[in-house]
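Following: one structure in structure tokens, then a few remarks.
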Amino acid sequence: MHQNQLFNWTRLKLAGWYSGVMGFILCLFGFAIYQVMARAHWYGLDQELEVVSGTLHDALEPNLSQPGAINPAVQALLPSLCVVNTDCTGLQAEELTQTNKQRHILGVVGQEAYYLRFLNPAGEVVAIIGNQPTYTSSQFSSQQTWQTLEDTDGNRYHQVSIPLKTKDSRFWGYMEVGRSLKEFDDHLYTLKWLLLVGLPFALFLVALASWWLAGLAMQPVYQSYNQIQQFTADAAHELRTPLAAIRATVESVLQTPELTEPEARTTLQIVERQNHRLSQLVQDLLLLSRMDMQKFRCKHQPCCINDLISDVIEEFAALAIAEAVSLEAEINQTGSLPELYVSGDEEQLYRLLANLVNNAIQYTGPGGVVKIKLKREEAFAVITVQDTGIGISTADQARIFDRFYRVHSDRSRATGGSGLGLSIAQAITNAHQGMIQVQSEVGKGSSFTVRLPLLTYKHGSLPH
């Protein structure tokens with residue numbers, strides 16, 4: 001297949017299409033993974049900020065007294081709070097000495113990624129906690145609860161703004177709880193690069209697998225292609241032989257000035273014999289072609305195998321005598337039924353047996369024996385055609401049912417065989433849901449066994 005340009009090009013196209021489709025699917029899958037991971041992290045971030053801001057809101061509002069003013073109660077609750085325009089040195093050390101309750105209130109806000117800002121009603125910052133992003137207060141908007149901001153260094157932050165009220169329900173100002181998106185962005189950046197690097201590598205592996213799978217898929221097609229080529233060459237060769245004989249005979253007659261009646265009769269007999277050979281070959285090829293295309297309609301009628309064997313022995317008795325071969329039948333009648341019936345086409349089943357017996361006689365030397373055995377094994381009729389002929393080698397047994405294949409081509413041509421007999425026998429067996437097998441040893445003869453499903457009987461009655 002590697003030396004055939006047509007199949008290599010077809011294999012390349014199959015691999016290309018498969019790689020393209022799989023690459024498109026992988027890209028969509030990678031994009032979907034990226035989007036799902038981003039949305040999942042973003043949703044988790046929003047939930048976290050909502051919990052933190054809600055906890056601080058509920059803890060701070062009962063301690064707020066004057067709008068925009070940080071009173072001692074708020075500073076006691078948030079010891080790390082740094083009021084604007086005051087010295088915040090030492091707040092970290094003070095925070096470490098607070099009670100467990102205070103540390104619990106601070107919660108996540110005390111982490112490095114979080115920050116907290118308090119704004120008066122005018123939007124001016126009055127107090128802060130944590131590492132503040134380097135953007136100005138002009139970015140504050142009372143109309144936006146959620147914001148994603150970027151500082152002067154290109155770092156992104158996500159924050160939520162919540163209005164606060166004093167304990168007597170007056171508007172105090174705003175509280176902004178924010179978190180750095182550096183960890184979030186780094187995670188997505190890593191995921192993006194993994195996808196960008198992993199997808200080409202995956203596509204490379206897909207391309208290799210596609211080339212290999214395309215080769216496996218093309219193998220049966222290539223084998224069929226070779227068989228068709230071989231079949232065409234063999235058929236042309238078989239057709240050429242009788243045509244050449246007819247042509248040579250006609251040319252010889254045309255070059256004869258005066259043709260006597262015996263010579264004319266001999267010429268016509270030669271043409272008739274070669275024409276019969278051509279007709280038989282064409283009919284055999286047509287039968288095999290119809291069976292291959294499953295257009296052959298097998299009749300389903302009761303066929304007595306015992307009678308078919310008797311007819312075959314009667315027909316080939318003269319040929320067996322001429323070849324000095326003993327033709328015998330051995331029928332093992334078991335059970336309550338004296339005869340074995342199968343459902344099928346009687347004419348084709350007769351041809352099946354005739355082909356096997358004819359081959360057995362032709363390949364058995366003078367003094368040899370050809371036996372046709374019949375027995376019943378469970379729901380099958382088992383027919384065995386056994387001879388004591390020249391036998392078939394193990395290598396030839398693998399191809400014995402191939403069309404136009406001859407174990408001994410010179411002997412087959414001498415007897416007028418075309419190499420289609422066993423192929424037709426196998427096709428007929430398969431059409432009747434049966435199985436044919438061969439066992440042979442060189443110099444000791446051959447045995448062909450056909451197993452056909454028996455016709456189903458009801459209450460022991462014979463089919464009509």
| note | The residue that is surrounded by the fewest Cβ atoms within 10 Å (Cβ to Cβ), considering only those in the range 164-179 that are assigned to a strand (DSSP E or B) and out of contact with any Ser or Thr (no Cβ under 8 Å at 6 or more places or on another chain), is Phe171
| query | Within the range 431-446, restricting attention to residues that are farther than 15 Å from Phe401 by Cβ and in contact with a Ser or Thr (Cβ under 6 Å, 6 or more places away or on another chain), which residue is surrounded by the most Cβ atoms within 10 Å (Cβ to Cβ)? | reply | Gly445
| note | Expected output for the range 3-27 (first residue within 17 Å of Leu208 (Cα to Cα), partner β-branched (Val, Ile, Thr) and modelled with pLDDT of 85 or more, Cβ below 9 Å, 6+ apart or cross-chain) is Tyr18/Val206; Ser19/Val206; Met22/Val206; Gly23/Val206; Leu26/Val206
| message | If I filter the range 210-217 for residues that are over 30 Å from Tyr114 (Cβ atoms) and exposed (fewer than 13 other Cβ atoms within 10 Å of the Cβ), do I get at least one hit? | response | yes
| note | Checked against (1) closer than 25 Å to Gly30 by Cα; (2) in contact (Cβ under 8 Å) with a residue 60 or more places away in the chain; (3) among the acidic types (Asp, Glu), Asp186 satisfies every condition except (2)
| note | Residue hits (the range 11-21; of a type outside the set (Phe, Trp, Tyr) and surrounded by fewer than 17 Cβ atoms within 10 Å (Cβ to Cβ)) are Leu12, Lys13, Gly16, Gly20, Val21
| query | Taking the condition over 30 Å from Leu6 (Cα atoms), exposed (fewer than 13 other Cβ atoms within 10 Å of the Cβ), assigned by TED's automatic domain parsing to the domain that holds Gly68 and not small (Gly, Ala, Ser), does Thr148 pass? | reply | yes
| Residues satisfying the stated conditions in the range 346-360, i.e. hydrophobic (A, V, I, L, M, F, W, C) and surrounded by 21 or more Cβ atoms within 10 Å (Cβ to Cβ) | Leu349, Leu352, Leu353, Leu356, Val357, Ala360
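Do we find that Trp193 is of a type in the set (Phe, Trp, Tyr) and closer than 22 Å to Tyr34 by Cα in this structure?
Yes.
One line per residue, one yes/no per condition, for (1) at pLDDT 85 or above; (2) over 18 Å from Gln426 (Cβ atoms); (3) in contact with a Lys or Arg (Cβ under 8 Å, 6 or more places away or on another chain):
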residue: Glu261; (1), (2), (3): no, yes, no
residue: Thr267; (1), (2), (3): no, yes, no
residue: Arg277; (1), (2), (3): no, yes, no
residue: Leu286; (1), (2), (3): no, no, no
residue: Ser289; (1), (2), (3): no, no, no
residue: His300; (1), (2), (3): no, yes, no
residue: Cys304; (1), (2), (3): yes, yes, no
residue: Asp307; (1), (2), (3): yes, yes, no
| Residue satisfying all of: in the range 32-54; under 20 Å from Leu199 (Cβ atoms) and in contact (Cβ under 8 Å) with a residue 60 or more places away in the chain; farthest from the chain's Cα centre (by Cα) among these | Ala38
| Only one of Leu56, Leu96, Leu64 is farther than 30 Å from Gly215 by Cβ and modelled with pLDDT under 85; which? | Leu96
| request: Please determine, by comparing only the residues of the range 403-422 that are in a helix (DSSP H, G or I) and at pLDDT below 85, which one is nearest to Gln280 (Cα to Cα). | output: Gly421
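The values are calculated or read from the model by the stated rules, or taken from the named source; none is laboratory data. What you see is a predicted model; the values in this text were computed from it and never measured. Reconstructed Cβ throughout: ideal geometry from the backbone, glycine too, with neighbour counts over all protein chains shown.
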